[in-house]
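> Here's a structure for you.
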Amino acid sequence: MRRKSDEGVSALARIACAISLRETLTEAKKLHENGNFAYVVRVPLELSKDYVAAAADLAEMLPGVKAFEVAAPFQTSRGKTDFGDVTTAIRNFERVLVFVPENLSIPRSVFAASDIVVDAKPIDGPIVAQALRLLDGQEYPTAAIEEMLSYPIADVVGAFRPGRTADETLARLKEAHRRYASLDDPPRVEELHGYGAAAEWALDLAADLDAWRRGNIPWAELDSGLLLSGPPGVGKSMFAKAAAKSCGVAFVASSLAQWQSRGHLGDLLGAMRATFAEAASKSPCILLLDEFDSVGDRTTFRKEEKQYCTEVIAGLLECLDGVMRREGIVVIGACDHPDTIDDALLRPGRLGTHIRIGLPDADARRGILGWHLRGVIDDAQVAAIAAECEGFSGGILNTWSKAPDDGRDAAGSLSP
């Protein structure tokens with residue numbers, strides 16, 4: 001019978017995580033010398049349960065090492081992260097190994113109590129190959145495993161099945177990602193094309209968020225407010241989703257239209273505050289405010305609408321830098337017409353950085369089409385289609401190039 005702590009944990013993942021832990025903690029003297037310690041290990045979110053379960057295997061791999069307590073944060077029924085078990089374990093036990101998903105920031109009290117904070121050694125080809133040998137004696141080529149590891153690690157360990165060859169496992173991974181690639185599951189920013197300065201901003205943000213989670217920099221040093229403008233269909237919303245994916249943080253989206261749909265001014269402001277409260281509950285988080293230019297500019301309001309619209313902007317200003325805009329929330333405002341936005345919303349500390357995205361050039365079009373149609377048509381066909389799509393937006397290319405599931409010719413599906 002499975003223990004509750006092992007629910008959702010695969011045998012292969014658990015063994016691979018145990019090997020990763022052993023290599024991560026090779027130099028952890030207090031562990032090996034049976035001293036008192038509180039070690040924090042940052043692990044991939046998708047394998048956090050596997051690492052917790054693997055701690056028992058780690059103890060068996062280290063003969064002569066005294067027992068230690070294992071702790072990890074948990075999600076409450078309302079989606080908040082609770083470090084109560086972690087702080088209790090650190091206070092009450094002399095030897096504690098703490099696992100924290102790498103998308104979470106480490107609370108100040110936990111950081112202060114810990115001896116070290118270290119990243120788990122990435123699960124690479126040799127580790128997976130060793131885990132497979134230990135699991136059922138199978139020998140897989142390391143080169144094939146490395147190719148598989150271009151996909152998310154949780155997908156990789158799940159794709160290995162008894163009796164399935166390396167070629168069959170790799171083929172299944174490719175097919176799964178071809179079929180389920182969609183705008184609801186965007187690529188990472190590193191895989192996007194045509195975003196220029198916006199992509200650089202997102203990658204810098206990912207590095208800064210990682211440093212903030214580790215406790216190395218304060219939140220005030222992050223560029224946590226971006227106005228993203230460009231013509232309709234260039235992929236502003238998809239960029240925000242991709243940025244959240246690259247940063248390893250939650251994603252929340254809303255707009256003035258959604259807030260207005262709730263009713264009168266009081267309902268609108270309540271919906272606005274609820275959006276920021278949701279983002280705060282999922283911190284760290286990227287909050288996308290779509291159609292941001294619909295908020296308007298107080299200098300252009302007509303007399304009959306001035307009071308209402310001014311209160312809307314005042315409420316948004318309060319959310320952007322008041323008590324609702326808590327540490328851990330990055331705000332991206334997406335718009336078509338940045339010149340119609342109230343200047344107060346665009347000051348430093350709010351949405352102080354402005355980046356404009358244009359229509360994709362030839363290289364970007366090839367990249368967008370190639371990402372969606374990899375393994376479906378060859379590079380020459382992708383280039384030929386991209387050449388015929390001059391003036392098309394990234395949104396159109398992303399929609400048309402989704403690989404169909406019904407066996408139709410993918411290239412044929414690109415015609416409007």
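The values are calculated or read from the model by the stated rules, or taken from the named source; none is laboratory data. Here the structure is a predicted model, which is why all the values come from computation and not from measurement. Glycine gets a Cβ as well: all are built from the backbone with ideal geometry, and neighbour counts include every protein chain shown. Calculation scope for accessible area: heavy atoms of the full protein, side chains included, ligands and nucleic acids excluded. Shrake-Rupley method; radii C 1.70, N 1.55, O 1.52, S 1.80 Å.
> Go through segment 281-305 and give me each residue that's hydrophobic (A, V, I, L, M, F, W, C) and farther than 30 Å from residue 206 by Cβ.
Let us first name the residues in segment 281-305 that are hydrophobic (A, V, I, L, M, F, W, C), namely 285-289, 292, 295, 301.
301 - this is the single residue of segment 281-305 that is hydrophobic (A, V, I, L, M, F, W, C) and farther than 30 Å from residue 206 by Cβ.
> Tell me, please, whether a residue that is at pLDDT below 85, open to solvent by less than 70 Å² (accessible area, probe 1.4 Å) and touching a Pro at 6+ places or on another chain (Cβ under 7 Å) can be found in segment 169-189.
Among the residues of segment 169-189, not one is at pLDDT below 85, open to solvent by less than 70 Å² (accessible area, probe 1.4 Å) and touching a Pro at 6+ places or on another chain (Cβ under 7 Å), which makes the answer no.
> Restricting attention to segment 295-343, report how many residues are without any contact (Cβ under 8 Å) to a residue 40 or more places away in the chain and among the charged types (D, E, K, R).
8
> I would also like to ask the following. If residue 220 passes every condition in (1) open to solvent by less than 40 Å² (accessible area, probe 1.4 Å); (2) part of a helix (DSSP H, G or I); (3) more than 22 Å from residue 44 (Cα to Cα) but one, which one does it miss?
All conditions are met except number (1).
> Could I ask something else about it? Can you work out which of the residues in segment 48-86 that are closer than 17 Å to residue 21 by Cβ, touching a residue at least 40 places away in the same chain (Cβ under 8 Å) and under 25 Å from the mean Cα position of the chain (by Cα) is most open to solvent (accessible area, probe 1.4 Å)?
Within segment 48-86, the match that is most open to solvent (accessible area, probe 1.4 Å) is 49.
> For residue 270, work out the one condition from (1) surrounded by fewer than 18 Cβ atoms within 10 Å (Cβ to Cβ); (2) under 21 Å from the mean Cα position of the chain (by Cα); (3) modelled with pLDDT of 90 or more it doesn't fulfil.
Among (1) surrounded by fewer than 18 Cβ atoms within 10 Å (Cβ to Cβ); (2) under 21 Å from the mean Cα position of the chain (by Cα); (3) modelled with pLDDT of 90 or more, the lone unmet condition for residue 270 is (2).
> Working only within segment 96-132, note down all residues that are part of a helix (DSSP H, G or I) and either open to solvent by less than 60 Å² (accessible area, probe 1.4 Å) or among the aliphatic types (A, V, I, L, M) (or both). First the steps, then the outcome.
To start, the set of residues in segment 96-132 that are part of a helix (DSSP H, G or I) comprises 108-113, 125-132.
110, 112, 113, 125, 127, 128, 129, 130, 131, 132 - these are the residues of segment 96-132 that are part of a helix (DSSP H, G or I) and either open to solvent by less than 60 Å² (accessible area, probe 1.4 Å) or among the aliphatic types (A, V, I, L, M) (or both).
> Looking at (1) open to solvent by less than 30 Å² (accessible area, probe 1.4 Å); (2) closer than 30 Å to residue 44 by Cα; (3) in contact with a helix residue (DSSP H, G or I) (Cβ under 9 Å, 6 or more places away or on another chain); (4) in a helix (DSSP H, G or I), which is the one condition that is false for residue 245?
Checking residue 245 against (1) open to solvent by less than 30 Å² (accessible area, probe 1.4 Å); (2) closer than 30 Å to residue 44 by Cα; (3) in contact with a helix residue (DSSP H, G or I) (Cβ under 9 Å, 6 or more places away or on another chain); (4) in a helix (DSSP H, G or I), the one that fails is (1).
> Please enumerate the residues belonging to segment 164-175 that are assigned to a helix (DSSP H, G or I) and more than 14 Å from residue 128 (Cβ to Cβ).
Initially, segment 164-175 is screened for residues assigned to a helix (DSSP H, G or I), giving 166-175.
Result: 167, 168, 171, 172, 174, 175.
> Now for a separate question. Just to be sure, is residue 161 of a type in the set (Lys, Arg) and assigned to a helix (DSSP H, G or I)? Steps first, please.
Details: of a type in the set (Lys, Arg): yes; assigned to a helix (DSSP H, G or I): no.
Criteria not met by residue 161.
> Right, something else. Looking at 78, 95, which one is among the basic types (Lys, Arg), on the phi < 0 side of the Ramachandran plot and at pLDDT below 90? Steps first, answer last, please.
On the way: 95 fails: at pLDDT below 90.
Testing whether each residue is among the basic types (Lys, Arg), on the phi < 0 side of the Ramachandran plot and at pLDDT below 90 leaves just 78.
> Also, I was wondering about something else. Would you mind finding the one in 38, 18 that is of a type in the set (A, V, I, L, M, F, W, C) and part of a helix (DSSP H, G or I)? Give the steps one after another, and end with the answer.
Numbers: 38 fails: part of a helix (DSSP H, G or I).
Checking each option against the conditions leaves just 18.
> On the basis of being small (Gly, Ala, Ser), out of contact with any Lys or Arg (no Cβ under 6 Å at 6 or more places or on another chain), touching a residue at least 40 places away in the same chain (Cβ under 8 Å) and surrounded by fewer than 23 Cβ atoms within 10 Å (Cβ to Cβ), does residue 254 make the cut? Reasoning before the result, please.
On the way: small (Gly, Ala, Ser): yes; out of contact with any Lys or Arg (no Cβ under 6 Å at 6 or more places or on another chain): yes; touching a residue at least 40 places away in the same chain (Cβ under 8 Å): no; surrounded by fewer than 23 Cβ atoms within 10 Å (Cβ to Cβ): yes.
Criteria not met by residue 254.
> Next question. Any residue that is more than 25 Å from residue 320 (Cα to Cα), within 15 Å of the chain's Cα centre (by Cα) and buried (at least 22 other Cβ atoms within 10 Å of the Cβ) - is there at least one of those in segment 203-212? Walk me through it before giving the result.
Quick first cut of segment 203-212, residues more than 25 Å from residue 320 (Cα to Cα) only: none.
No: segment 203-212 contains no residue that is more than 25 Å from residue 320 (Cα to Cα), within 15 Å of the chain's Cα centre (by Cα) and buried (at least 22 other Cβ atoms within 10 Å of the Cβ).
> Let me ask another. For residues that are open to solvent by less than 70 Å² (accessible area, probe 1.4 Å) and more than 26 Å from the chain's Cα centre (by Cα), tally how many sit in segment 312-338. Let's see the steps before the verdict.
Going through segment 312-338, the residues open to solvent by less than 70 Å² (accessible area, probe 1.4 Å) turn out to be 312-317, 319-320, 322, 324-325, 328-336, 338.
Still in the list and also more than 26 Å from the chain's Cα centre (by Cα): 312-315, 317, 338.
Count: 6.
> Something else now. Take the residues in segment 280-292 that are modelled with pLDDT of 90 or more and open to solvent by less than 30 Å² (accessible area, probe 1.4 Å), then tell me which one is farthest from residue 215 (Cα to Cα). Before you say what the answer is, go through the steps one by one.
First, pick out the residues of segment 280-292 that are modelled with pLDDT of 90 or more: 284-292.
When the remaining residues are screened for being open to solvent by less than 30 Å² (accessible area, probe 1.4 Å), the result is 284-289, 292.
Values: 284: 13, 285: 17, 286: 19, 287: 22, 288: 25, 289: 28, 292: 32 Å.
Restricting to residues being modelled with pLDDT of 90 or more and open to solvent by less than 30 Å² (accessible area, probe 1.4 Å), the top hit is 292.
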